[in-house]
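As structure tokens, the structure follows; a few thoughts come after it.
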Amino acid sequence: INTDQDRDVVKPFLQEQKWNKAVYYEDGLSNLLKVSSIPSTLIFNRQGELAARMNGFVPDKFIAMLTERIQEALAE
């Protein structure tokens, strides 16, 4: 999800990076989901409810933390 205020810079950047997937814009989503830091990882359960939030990024622990939270969300 792109959070840039100036959308005119997004397309050239994506072309330069050869990004061929869909890009969505924030459009108030950060306020709705109360995102206070970038990166933020939000995990939703099968019911579409927010099950976990991870603010920031810790390289050595990220995969284990993400895996644990996904498994918890799947168990709900």
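The values are calculated or read from the model by the stated rules, or taken from the named source; none is laboratory data. Small disclaimer: the values here were computed from a predicted structure and weren't measured. Reconstructed Cβ throughout: ideal geometry from the backbone, glycine too, with neighbour counts over all protein chains shown. The accessibility values were calculated without ligands, DNA or RNA, using every heavy atom of the protein model including side chains. Shrake-Rupley method; radii C 1.70, N 1.55, O 1.52, S 1.80 Å.
The charge dipole of the chain, taken about the Cα centre with unit charges on the Cβ atoms of Lys, Arg (+1) and Asp, Glu (-1), comes to about 140 debye, rounded to the nearest 20. Secondary-structure-derived ellipticity at 222 nm for the chain, considering helices only, amounts to -9000 deg cm²/dmol, per-run term -39500 (n - 2.57) for DSSP H runs with n ≥ 4.
May I ask you to give the percent of accessible area on the chain that is carbon plus sulfur, with a probe radius of 1.4 Å? Ligands and nucleic acids excluded, carbon and sulfur reach 54 percent. Within the chain, the chymotrypsin sites (Phe, Trp or Tyr not before Pro) that combine a DSSP coil assignment with at most 13 other C-beta atoms in a 10 angstrom radius are W19, Y24, F57. The label-point distance for S40 and Q5, in a model that sets each label 7 Å from Cα toward Cβ, rounds to 1.8 nm. A Cα-only calculation for the chain places Rg and Dmax at 14.8, 42 Å. A dipole drawn for the chain from +1 and -1 charges on Cβ atoms has a positive end, and of T3, A22, P39 the residue lying farthest that way is A22. Loop-located trypsin sites (Lys or Arg not before Pro) in the range 24-76 (DSSP state not H, G, I, E or B) with no more than 15 neighbouring Cβ atoms inside 10 Å: K34, R46, K61. The residues of the chain have, on average, 83 Å² of accessible surface per residue, using a 1.4 Å probe with all protein chains present.
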